[in-house]
Each structure stands twice: as C-alpha cells, then as structure tokens.
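Here is the structure we will look at.
Every read-out reported here was derived from the displayed coordinates using simple, explicitly stated rules and does not represent laboratory data. Predicted model, so just to flag it, every value in this text is computed and none were measured. No Cβ is skipped: glycine too gets one built from the backbone with ideal geometry, and neighbour counts run over all protein chains shown.
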Amino acid sequence: MAAHMSGAGHEGEFAAAPELPAILPPVNRRRGLAGLIARSPGSSIGVAILLAIVFMAVMADYLSAIDPARLSPIARNRDPSLQYWFGTDMLGRDLYSRVVYGARVSLIVGFLVALLSTVLGLIVGMFSGFVRWTDSILMRVMDGIMSIPPILLAIALMALAGSSMTNVIAAITFAEVPRVARLVRGVVLSLREQAFVEGAITAGTTTPMIIWRHILPNTLAPLSVQTTYICASAMIIEAVLSFIGAGTPPSVPSWGNIMADGRALWQVKPHIVFFPAVFLSLTVLAINLVGDSLRDRLDPRMGGKG
C-alpha cells in the first residue's frame, strides 16, 4: 500500500520490489500452514512422515518394551524376526528399541539447532543490515566461519569440547548461524531502501519500532524456509559426528552411532545399518518436502500465488 501512495516519483523503487521474494503476499498470511498443506501433496506427505517420526520419539517408552542399552551376548547379530523386529547388533542390543530411541536424539538436535541458529542469525543479520557501522565487523566474522565447511567446523569444536548432546547442539549451531545471518542481512538491506521504511524514518519512528513493524515481519517467510533446511542439515551432521565417534556418547542411542556399530558387519548383517539409515533418510526427506513447499508457496516467483 505504501508503494502505491508514494506516487510516480519513486518508479525506481517499484522496479526493485519484484526482486524481494522475502516479502510475503497478504493472501499467504491469511491461509497459513493449513492452506499450504491442503494445496501441496508434497507438503502433506512430509508433514505426515514427520508427525509419525515425532510420535515415535515421544512415545518411545511405550512403543518399545526393551531397554535399548541392554546387552544380550547370546542374542548377538540376530536377523529381523518376530522377537527382534529389526534384529540385534554385535552386542545383542535390540535394534528396534535403539532406532526408536535414536529418533529422540535426531529430532532434539535438529529442532534445537534450527531454533537457536535462527534466533542468533536473526539478531546478527538485523544488526548488520540496519546498523551500518556493525556491518563490516559482523559480516567479516560470519565470512570467516563460513569459510570452513560446517561438518569440519563441528568436528573441530567437538574435539575441543568433548562428546555430549549439548556440545553437539552448540557446535552445529555455531556452524549454521552465518547462513541465517547473511540471509537476514540481504533481506534487511533490500527492505531498508523501500518507500514504506523511508516513510517511517521520515515520520520519526524509532529504529526498534521500524524493525519490529516493518523489517521483522518481512523476514519471516525466507527464515521459515531456511529453518527447515537447517533442521535437516543438523540431523545429517549429528549422524555424521556420531558415526565417526565425535557426536553423542556410545551410551546414548542415535541413528549415527547405530550405523557406526554396524559398518564392520555391513556385508553380512546389512540390517544393522539399513534401518537407522532409512529412518534418517525419511526424516530428512520429510523436512525437505515441507521446506520446498514453503519456498514454492511463499516465493511469488515460484508460481505459488494462487
């Protein structure tokens, strides 16, 4: 509305507006997630799979009657059967129980890393994009962090901090913050030159109020998409860290260390690796389906205006 009120004197600003996929069309705000799911089969499948995995993690105590850490030497390397649905590993531990409980680790790490990195990246990106003198300092720090691949940075941090779920979350969050910060900074730099922001500045609106009323709402669309991708990426990085022994402790079942336990027997007992790999793949696929649907729906250039 502000763009229409600015008159013909701001034609350059009108031309720049289509380049801002971050600005969420009003129709999408009204429909919300329910409308997205109803109109996107991919999103519906992703949400269904994700809800099933979350249900499995939350109800793990009731879905499995066997302690995932219980050793049974006489039942080592059993194939899937009615007694052991997913078989057992080389220590006789029930793989079904370990896979079910392992879902908790992946979901906790994925969701917390996505939340923390989004919040921290949002703060850094806002300051960098709107407070001009902080831009060069913050972005050089972010560039330095981004110059190191996230998995290598997480491995280095875990080597310094030690194996624990808390350290895994902190290490992956530290590696993912720059991605969010640069995204938010780009959106803020574009919005800062728009007519409605300039009008608010001319009217004497305070900087915090401008950020709260004009800048922050327009970052929610790209942030929501980026958050889903970070969640999926965090789950994969956690699995890799656990697979190489730098993630969660061996006493805590996770899909990564379950696969690590079975790699030596892959050729003769592939089920030890197969089941946790399938659940990890399905979870990441579900999150990416939701993220892709959000992107297609919230980005006007992707044909999701309907």
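Restricting to the range 104-114, give me the number of residues that are of a type in the set (A, V, I, L, M) and either free of Cβ contacts under 8 Å to residues at least 24 places away in the same chain or crowded, with 24+ Cβ neighbours inside 10 Å (or both). Residues flagged as of a type in the set (A, V, I, L, M) and either free of Cβ contacts under 8 Å to residues at least 24 places away in the same chain or crowded, with 24+ Cβ neighbours inside 10 Å (or both) within the range 104-114 amount to 4.
Mind checking which residues of the range 64-117 are assigned to a helix (DSSP H, G or I), among the β-branched types (Val, Ile, Thr) and over 11 Å from residue 272 (Cα atoms)? Once the filter is applied, which keeps residues that are assigned to a helix (DSSP H, G or I), among the β-branched types (Val, Ile, Thr) and over 11 Å from residue 272 (Cα atoms), the range 64-117 yields 74, 100, 105, 108, 109, 113. Here residue 226 meets the list (1) in contact with a Ser or Thr (Cβ under 9 Å, 6 or more places away or on another chain); (2) surrounded by fewer than 21 Cβ atoms within 10 Å (Cβ to Cβ) almost entirely, failing just condition (2).
Checked against the criterion of being within 17 Å of residue 277 (Cβ to Cβ) and not hydroxyl-bearing (Ser, Thr, Tyr), the range 37-48 has no qualifying residue.
No other residue among 123, 148 is free of Cβ contacts under 8 Å to residues at least 40 places away in the same chain and outside any helix (DSSP H, G or I) apart from 148.
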